[in-house]
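Asker: Please find one structure pasted underneath; my questions will follow.
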Amino acid sequence: MKIGVLTGGGDCCGLNQAIRAAVMRAMDFNHEMVGLREGWKGLVEGLTFPLGLDDVEGLIDKGGTLLESSRTNPFKKEEDLRASLENFKRLGLDCVLALGGDDTLGVASRLFKEYQVPTVGVPKTMDNDLSETDYTFGFDSAVAVAVDAADRLKDTARSHRRYVVLEVMGRHAGWVALWTAVASGADWLFIPEVPGDLQTMAAQLKKKLARGKHWGLVVASEGTHFEALNAADETKEKALDAFGHEILRERGIGPFLAEEVEKRMEVETRFAVLGHIVRGGSPTPFDRILASRLGIKAVELISEGRFGHMASLKGNEITAVPLEAAVGKTKTVPLALYEEILPLFDK
């Protein structure tokens, strides 16, 4: 079979390792692997190059994606969809192997369901918000970088008797923020799943101040909802990406929270925005292994003709789930888990 491989959406650690594993497993079936450049843009424009062992063997410790990525949505324009379908036939592809999150795999699901294009998915997102899989690769590596940053910020906060707000990625799901806050021993946490309560935060931080803790760290997801900030957002024209998502870099959760903490605590406060820093660098061993296992499974699904499915981690088993189910609902932090870890922040 001739398989076109692409990586779409935001890059994260583990992509190169999944590509590497897929190519190596494909050799066992004598499949031909070709890379589609820059996500779905590669299929829209027919941008391909051959993928062989020499191209991928050395990728085990490399961040980013050899295939490059974009947020191209072939369903946004009729001509792009038509070009994608025509290029699939012109290139002689038998299947598209898509490595991505909700948006990228949503395209793969629609192509299979609506146009009978054989597709198989591999779940990746540093946000860990894709359904039907326990973890996505990129998440563990992102948390490792965020925790390292948090530990460093605590050092400087302690040295100057000040507070620091750390803003991390997380549009709809607070997995990165929650894990970072718990693992770094942060003093308070904000996630999109729970409305931001500044009054409760201030009350808890003042308790710490009263017992002599004159510094602190607050971790917040970029997508956290605050009434004051939401009211200001309504007056602004929002920039959207190709999938209709608000581009959050101008929202300013970090500076907003730093100002609120300083005002309510009367303690000097700084903020740091990690942004894309957590996407790059060498993957953790966990992500290298998970990505490799998922890449292997994806090629096996293709070889079995199980199109319209995604390789998935369930417990310690790599299994298959329908793409449609995986992209149907965002996996958010359960309220029970949030409440479980609250005792770590209210002392």
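Asker: Can you name every residue in the stretch 280-331 that is of a type in the set (D, E, K, R), at pLDDT 95 or above and under 30 Å from I253 (Cα atoms)?
Answerer: If the condition is that a residue be of a type in the set (D, E, K, R), at pLDDT 95 or above and under 30 Å from I253 (Cα atoms), then D287, K331 are the ones that fit.
Asker: Can I ask one more? In the stretch 203-212, what residues are closer than 18 Å to L342 by Cβ and either touching a strand residue (DSSP E or B) at 6+ places or on another chain (Cβ under 9 Å) or without any contact (Cβ under 8 Å) to a residue 60 or more places away in the chain (or both)?
Answerer: Once the filter is applied, which keeps residues that are closer than 18 Å to L342 by Cβ and either touching a strand residue (DSSP E or B) at 6+ places or on another chain (Cβ under 9 Å) or without any contact (Cβ under 8 Å) to a residue 60 or more places away in the chain (or both), the stretch 203-212 yields A203, Q204, L205, K206, K208.
Asker: Could I ask something else about it? Please report, ordered by residue number, the helices (runs of 4 or more DSSP H) entirely within the stretch 278-347 with at least 1 residues that are in contact with a Phe, Trp or Tyr (Cβ under 9 Å, 6 or more places away or on another chain).
Answerer: Output list reads 285-303, 323-326.
Asker: When you scan the stretch 175-196, do you find a residue that is of a type in the set (F, W, Y) and more than 23 Å from the chain's Cα centre (by Cα), even just one?
Answerer: no
Asker: Then there's this: Please go through the stretch 92-132 and pick out each residue that is β-branched (V, I, T) and buried (at least 24 other Cβ atoms within 10 Å of the Cβ).
Answerer: The answer is V96, T104, V107, T119, V120, V122, T125.
The values are calculated or read from the model by the stated rules, or taken from the named source; none is laboratory data. A quick note: this is a predicted structure, and the numbers were derived from the prediction, not measured. We place every Cβ from the backbone using ideal geometry, glycine too, and count neighbours over all the protein chains shown.
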